[in-house]
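Peer 1: Please see the structure below; I have some questions.
Every number in this text was worked out from the coordinates using simple rules, so none of it is lab data. Values in this document were obtained by computation on a predicted structure and should not be read as measured data. Backbone-built Cβ (ideal geometry, glycine too); neighbour counts: all protein chains shown.
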Amino acid sequence: VVADALSRRPDYAVHKADANAIGVARTSTPSSSLLDDVRSAYTKDADAKQLLDYFAAPSDKSRQKLAKHLRARVHRYRVHNGLLLYSAVDDNADRIVVPDDHELKLRITYEYHDAPTSGHQGREKTYLLLTRDFYWSHQYKWVRKYVRACEVCQRVKPAPFSQAPLQSLPTPSECWQSISMDFVFGLPPDNKRRTGIVVFVDRFSKMVHLAAVPAEVTAKQTARLFVDMVFRHHGMPID
C-alpha cells in the first residue's frame, strides 16, 4: 500500500497537542507566552473555572455542581500543567481549550492564518490546523467569519463562479483564409525608437509577417501595414 501525498504531510497528521511547546515551528509567538495567556484567561471564563475546580478535587458531589452542558461531557476534559485539554468525539487527540476571550481567539487565529509561516491557507486548512491544537465552541463558524473578513484572502481568492470554457476556432482549409493579429510592446528600441512589433499569422500554415511599430501606433497605421504585408501578397482573408 502506497500512502498518498496528503497522508505524508505532517500538518495533516492526527496527533496529540504538546501543551508545553505548541506550534513553535508554525507561529511567531513564543509558546510559553501564548499558553500563559490562555491560563490567565481561564480566570475570566465561567465554564473553565467550573472545570478547573472540578478537576482540582473530582467527586460525584463536585460533578453535580457542574453546569449541565459541562457535566455531560466532563469525561472528555482533563487538566495538564494548568491547561484544560479536550478530546473530540471522533478521535483521541487532546486540544487545548481556549476560554471565551475574543482577543485571545483573534491572536491564535492570526498565528494560524495570517502569520508568514501560515500563508493565508483559507477556511478549510486554517480550521484543520487550528483544531489540531486548540478547541473552543463554534470554532468552524469562527474561522469561516475570520477568513471572510480577511482582506488578503478576499483579494486573491478565486472567483465564486465558473468561467466559460474556451471555444476553439475552426481550422481553415487553405493558407491565408484566416489570420490572427497581435502586438508585442516593451522591446528594446530600434534606430527609429520603435519599441513594438505587429504580428500577422496565417492560422493554417503558421506563416508570420512582422513589422516594427512605435508604442503609439494608430489603427490607421496598422491598417496600412495589413495592406502592405498581407493583402498585397495574399489577398483579403475571409476572417
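Peer 1: How much length, in nm to one decimal, is gained on full extension between Leu210 and Leu128, taken as 0.36 nm per residue of separation minus their Cα-Cα distance?
Peer 2: Details: separation 82, 0.36 × 82 = 29.52 nm, distance 5.43 nm.
Additional length available on full extension: 24.1 nm.
Peer 1: In straight Cα distance, which lysines are under 26 Å from Lys145, not counting same-chain residues fewer than 8 positions off?
Peer 2: The reachable lysines, counting only those whose Cα sits under 26 Å from Lys145, are Lys44, Lys105, Lys125, Lys157.
Peer 1: Right, next: Which of the chymotrypsin sites (Phe, Trp or Tyr not before Pro) across segment 84-191 are loop residues per DSSP, with 10 or fewer other Cβ within 10 Å? Display every interim value, and only then the final one.
Peer 2: Details: sites: Tyr86, Tyr110, Tyr112, Tyr127, Phe134, Tyr135, Trp136, Tyr140, Trp142, Tyr146, Phe161, Trp176, Phe183, Phe185; in loops: Trp136, Phe161, Trp176, Phe185.
Loop-located and lightly packed - Phe161.
Peer 1: Using the Karplus equation 6.51 cos²θ - 1.76 cosθ + 1.60 (θ = phi - 60°), what ³J(HN,Hα) coupling, rounded to whole Hz, does each residue of segment 102-111 give in order, writing x for Gly and Pro?
Peer 2: Listing the rounded values in order: 4, 5, 5, 5, 4, 4, 5, 5, 4, 5 Hz.
Peer 1: To continue, here is another question. By how many nm would the segment from Val227 to Ser62 lengthen if fully extended, with 0.36 nm per residue of separation less the alpha-carbon distance? Walk me through the intermediate numbers first.
Peer 2: On the way: separation 165, 0.36 × 165 = 59.40 nm, distance 9.49 nm.
Extra length available between Val227 and Ser62 comes to 49.9 nm.
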